[in-house]
Amino acid sequence: MSVTVRQLQAFADAWNRHDIEDLMSFMTDDCVFEVWTGSLACGTRYSGAAEVRQGFVKAWLNFPDAHWGDAQHFVSGERGLSEWTFTGTRATDSTQVEVRGCDVFTFHNGKIAVKNSFRKHRVTA
């Protein structure tokens, strides 16, 4: 049982709806979410469904209007990738953000076991 491009699009749609229940339905119980920022080489790592849920919700708290558009996906066996353009307004200072990024996935038994997120760091002069 493998994840499909259609499932990755449904996962992306759940992100844009800010639908935590739907998002978590795509994840394994022992899932891992690695965020693009943090003090570790992998960024910040959330492990297990409860922590991953908190990490997902934190994205919407930091960017209440968060949106991942222009999504493109591919799947190869137990790995996959989604590319997207992230837009949002930072809650702390109302800064508008627009950057390209991607998620690298590892699948297990038809669900997402690892979501490893990467984002461009945009610098304006």
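The values are calculated or read from the model by the stated rules, or taken from the named source; none is laboratory data. Since this is a predicted model, take the numbers as computed values, not measurements. As a convention, Cβ positions derive from the backbone with ideal geometry for all residues, glycine included, and neighbour counts pool all protein chains shown.
Looking only at region 85-101, decide whether some residue is exposed (fewer than 15 other Cβ atoms within 10 Å of the Cβ), over 21 Å from Val123 (Cα atoms) and at pLDDT 95 or above. No, region 85-101 has no match at all. Given the criteria in contact with a Gly (Cβ under 8 Å, 6 or more places away or on another chain) and surrounded by fewer than 14 Cβ atoms within 10 Å (Cβ to Cβ), does Thr37 qualify? Yes. Among the residues of region 63-84, the ones that are touching an Asp or Glu at 6+ places or on another chain (Cβ under 6 Å) and either among the small types (Gly, Ala, Ser) or modelled with pLDDT under 95 (or both) come to 1 in all. Of Asn62, Asn116, Asn109, all but one fail to be surrounded by fewer than 18 Cβ atoms within 10 Å (Cβ to Cβ) and within 15 Å of the chain's Cα centre (by Cα); the exception is Asn62. Taking the numbered list (1) out of contact with any Lys or Arg (no Cβ under 6 Å at 6 or more places or on another chain); (2) within 18 Å of Val5 (Cβ to Cβ); (3) without any contact (Cβ under 8 Å) to a residue 40 or more places away in the chain in turn, Trp84 passes all entries but (3). When region 25-34 is filtered for residues that are surrounded by 18 or more Cβ atoms within 10 Å (Cβ to Cβ) and outside any strand (DSSP E or B), only Phe26 remains.
Is region 55-62 home to any residue that is in a loop (DSSP other than H, G, I, E, B), farther than 27 Å from Thr4 by Cβ, of a type outside the set (S, T, N, Q) and at pLDDT 95 or above? No.
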